[in-house]
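Have a look at the structure below, then the notes.
The values are calculated or read from the model by the stated rules, or taken from the named source; none is laboratory data. Please read these numbers as outputs of a predicted model, since none were measured by experiment. FYI the Cβ positions are ideal-geometry reconstructions off the backbone, even for glycines, and counts take in every protein chain you see.
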Amino acid sequence: MIVVRGKRTEEMGAAALAEAIAPYEAVVVDMGAGDGRFAYRYAQERPGRFVIGVDPVRENLRELSAKAARKPARGGLPNVLYVVASIEQVPQELRGIAGEIYVTLPWGSLMRGIILADAVVLEGLASLAKDGAALHIVLNTRIFDDPVPLDVRDLPEVTPEYARDVLAPAYVLHGIEMSGVRFMDADEVAAISTTWAKRLSHRAPPRSVAIEAVVRR
């Protein structure tokens, strides 16, 4: 798989990854990591866990991956790794690795696949998980300023009712058992360490929806 460290990219195989995660109590994957801010903050606050931020756009990960690679005194973190990959093509090295998975305010094909219960996207998410892994999803279909991208305009608005009635039965076919769904309040969204969440905290869009699930393999 391809790992980003600032301006550099390098290959990392299964053996090297296993060595990196061995000292830690659990592995957490942030899928659709964007600029990597959530993964960095999570790793900073939970030094006993190894966090892998995954995003298909290498440039998005450059700044935070460079910061993570520094010495600890300058903001470096040994327990976070940034990987270039898409949900449609999950690297073999990441399959079955995660005890916990986050998808926080996704966009593009990841958001679309989650909202429409696309089989490829759901299988990609499930493939990351160990049996019994927790899956945390936060969705908001109105995070875009005008003009709204064409591939987002026709998406249904996600509500708890939509998630329970439409998504839950589809998710379970891929081993994803929904255990809870609710609207989030403004303070909760503001507390999320992502750039999208920061933007949302300054507006009044439709409320974000939090989905909790367990992955059975």
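For the range 14-31, residues that are of a type in the set (Gly, Ala, Ser), touching an Asp or Glu at 6+ places or on another chain (Cβ under 6 Å) and not in a helix (DSSP H, G or I) total 0. Listed here are the strands (runs of 3 or more DSSP E) enclosed by the range 34-126 that have at least 2 residues being under 11 Å from the mean Cα position of the chain (by Cα) and modelled with pLDDT of 95 or more: 49-55, 98-104. Have a look at Ile211, Ile192 and point out the one that is assigned by TED's automatic domain parsing to the domain that holds Leu125, surrounded by 14 or more Cβ atoms within 10 Å (Cβ to Cβ) and at pLDDT 85 or above. None of the other options fit; the residue is Ile211. So Ile114 passes all but one of these: (1) touching a residue at least 60 places away in the same chain (Cβ under 8 Å); (2) touching a Pro at 6+ places or on another chain (Cβ under 7 Å). Which condition number does it fail? Failing condition for Ile114: (1).
Candidates in the range 1-38 are the residues that are exposed (fewer than 14 other Cβ atoms within 10 Å of the Cβ) and touching a residue at least 40 places away in the same chain (Cβ under 8 Å); of these, the one that is farthest from Ala85 (Cα to Cα) is Lys7.
Within the range 153-183, the set of residues being basic (Lys, Arg) and touching a strand residue (DSSP E or B) at 6+ places or on another chain (Cβ under 9 Å) comprises Arg164, Arg182.
Total residues in the range 1-41 satisfying the condition of being farther than 17 Å from Gly96 by Cβ, in contact with a helix residue (DSSP H, G or I) (Cβ under 6 Å, 6 or more places away or on another chain) and among the β-branched types (Val, Ile, Thr): the figure is 1.
With respect to Arg41, is the statement that it is of a type outside the set (Val, Ile, Thr), on the phi < 0 side of the Ramachandran plot, surrounded by fewer than 24 Cβ atoms within 10 Å (Cβ to Cβ) and outside the structural domain of Arg216 (by TED's automatic domain parsing) true? Against the criterion (of a type outside the set (Val, Ile, Thr), on the phi < 0 side of the Ramachandran plot, surrounded by fewer than 24 Cβ atoms within 10 Å (Cβ to Cβ) and outside the structural domain of Arg216 (by TED's automatic domain parsing)), Arg41 qualifies. If you filter the range 45-80 down to residues that are in contact with a Ser or Thr (Cβ under 9 Å, 6 or more places away or on another chain) and under 14 Å from Asp30 (Cα atoms), you find that the one that is surrounded by the most Cβ atoms within 10 Å (Cβ to Cβ) is Gly53. Residue-level analysis places Ala170 outside the set of residues that are surrounded by fewer than 18 Cβ atoms within 10 Å (Cβ to Cβ), within 19 Å of Gly32 (Cα to Cα) and modelled with pLDDT of 70 or more.
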